[in-house]
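Presented below is the structure to which this report refers.
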Amino acid sequence: MATHIVTSEEKQRLLSFLGYGRLDAPVWFLGMEEAGGGEDNLRVRSTFDQVEDLREAHMKLGITHHHEGKRRIQRTWNMMCEFMLRIEGNTSPTTEDRRTYQGDHLGRVHGDSLILELLPIPKPRTSSWDYPLTFPEYPNVEAYRQEQIPARIALLSHLALDHRPRVIVAYGKANWPYYRQIVSEATFSERNGFETRVQRDTLMILTHFLSRKEMNGRHALLAMTGREWIDKSLRQ
């Protein structure tokens, strides 16, 4: 039976959650929000640190099939693994390469990637809001988004300036207006057909959802865009 989360500390943990990996990773992946949810799910997540190890967090949630046994490949993570393998020099990653990278390196505390979300609370659909027990102060998804989006943009902007990742891959075209605000001082350019923004040492690449048809045949170009910037940064 679902139990509501009552303490202000638990709520703060939920709303300040960032994602999986490490903040000083050279590559950040930025989406809108995680899928899933439910009051019981939040009860577990209220114990999370601000940044968690992807495998260990999902073990806590009882989601084992991406990291144990045959390790089922998750669609969005699959494309993140493709990107990471390519920028690390594997020009033709196989399914097994991506499966291994997902289990052993993606979003891990010892890895080179951070998986972030603009909004901290997982939901099965962007329009849904099913947390009357945990967040009675938000009567609907609009109230939640209106308060949290500006706060999260400010938080992520501060973190990007502080930690200076080499590359931020920001995916989901409908959310580009929010992502642009995170690097508000950036200069715009076009690289390999992608909209890019440069702020100090960081390149943000704005792209479609990584697993959508709009990205068919474009993942090598996406990785090339990131690799070129990393190589340029290292030469400077």
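The values are calculated or read from the model by the stated rules, or taken from the named source; none is laboratory data. These numbers come from a predicted model, not from an experiment. Cβ atoms come from the backbone with ideal geometry, glycine included; neighbour counts cover every protein chain shown.
Among the residues of the stretch 113-161, the ones that are farther than 16 Å from L14 by Cβ, modelled with pLDDT of 95 or more and in contact with a helix residue (DSSP H, G or I) (Cβ under 7 Å, 6 or more places away or on another chain) come to 6 in all. Only one of the listed residues (E10, E68, E82, E96) is loosely packed, with under 15 Cβ neighbours inside 10 Å and not in a loop (DSSP other than H, G, I, E, B). That residue is E96. Does at least one position in the stretch 198-212 carry a residue that is surrounded by 12 or more Cβ atoms within 10 Å (Cβ to Cβ) and more than 30 Å from S92 (Cα to Cα)? Yes: the stretch 198-212 contains one or more residues that are surrounded by 12 or more Cβ atoms within 10 Å (Cβ to Cβ) and more than 30 Å from S92 (Cα to Cα). I want to confirm something. Restricting to the stretch 185-236 and keeping residues that are outside any helix (DSSP H, G or I), among the polar types (S, T, N, Q) and out of contact with any strand residue (DSSP E or B) (no Cβ under 7 Å at 6 or more places or on another chain), which single residue is modelled with the lowest pLDDT? Once the filter is applied, the top-ranked residue is Q236.
Tell me, yes or no, whether the stretch 120-141 has at least one residue that is over 17 Å from Y178 (Cα atoms), acidic (D, E) and in contact with a strand residue (DSSP E or B) (Cβ under 9 Å, 6 or more places away or on another chain). Within the stretch 120-141 (the criterion being over 17 Å from Y178 (Cα atoms), acidic (D, E) and in contact with a strand residue (DSSP E or B) (Cβ under 9 Å, 6 or more places away or on another chain)), the answer is no, since none of the residues qualifies. With respect to (1) assigned to a loop (DSSP other than H, G, I, E, B); (2) surrounded by 20 or more Cβ atoms within 10 Å (Cβ to Cβ), the lone exception for L133 is condition (2).
Pull up the stretch 101-119, narrow it to residues that are part of a helix (DSSP H, G or I) and touching a residue at least 24 places away in the same chain (Cβ under 8 Å), then point me to the one that is farthest from L156 (Cα to Cα). Only one residue fits best here, namely G103. For beta carbons closer than 6 Å, sequence separation of 6+ or different chains, a first residue in the stretch 120-143 that is farther than 23 Å from E52 by Cα and a second that is modelled with pLDDT under 90, the qualifying pairs are L133/H4; L133/E39.
Of all residues in the stretch 101-111, none satisfies being among the hydroxyl-bearing types (S, T, Y), surrounded by fewer than 18 Cβ atoms within 10 Å (Cβ to Cβ), more than 28 Å from I149 (Cα to Cα) and at pLDDT 95 or above. The numbered conditions (1) under 16 Å from the mean Cα position of the chain (by Cα); (2) assigned to a loop (DSSP other than H, G, I, E, B); (3) of a type in the set (A, V, I, L, M); (4) more than 20 Å from Q148 (Cβ to Cβ) are all true for I63 except (1).
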